[in-house]
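Novice: Encoded as structure tokens, here's the structure I'll be asking about.
Laboratory data are not the source of any read-out in this text; all were calculated from the coordinates shown. Predicted model only: the values in this text are computed from it and were never measured. All Cβ positions, even for glycine, are placed from backbone atoms using ideal geometry, and neighbour counts span all protein chains on display.
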Amino acid sequence: MLKAYRVTEKAGPFVAGIRNPGQGEAVRLTEDQAHYALISGEIEPAAKTDAAKAEPARPAAAKSARDGGK
């Protein structure tokens, strides 16, 4: 079964035996193919990077006039 992974900046010209499509690009690999590349940081699970992008930064809480702006 193939899973999606994202290529990181640590990857060389080949990732898990296939040509590197570029930093941040997706590759589909089996768990066996991805094993070493995951350990070495050349790829990361796509779900991890998608979740990081989906979470927007939270703005600081606004102070209400009732609190006197303190």
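Novice: How many nm is it between the label spots at R19 and E31, if each spot is 7 Å from the Cα in line with the beta carbon?
Specialist: Those two pseudo-labels are separated by 3.1 nm.
Novice: Scan region 1-39 for trypsin sites (Lys or Arg not before Pro) in coil per DSSP, keeping those whose Cβ has at most 15 other Cβ atoms within 10 Å, and list them by number. All intermediate terms of the calculation are to be shown ahead of the outcome.
Specialist: Details: sites: K3, R6, K10, R19, R28; in loops: K10.
Those satisfying the criteria are K10.
Novice: Further question: In nm, to one decimal, how far is the K48 label point from the L2 one, both placed 7 Å along Cα→Cβ?
Specialist: Computed distance between label sites K48 and L2 equals 2.1 nm.
Novice: Counting only residues 5 or more places away or on other chains, whose amide H sits under 5 Å from the amide H of V15 once H atoms are built in the peptide plane?
Specialist: Excluding prolines and chain starts, which carry no amide H, the hits are N20.
Novice: Taking a ≥ b ≥ c as the square roots of the Cα gyration tensor eigenvalues, with a/c under 1.5 meaning rounded and otherwise prolate when a/b beats b/c, else oblate, which class fits region 1-46?
Specialist: Rounded.
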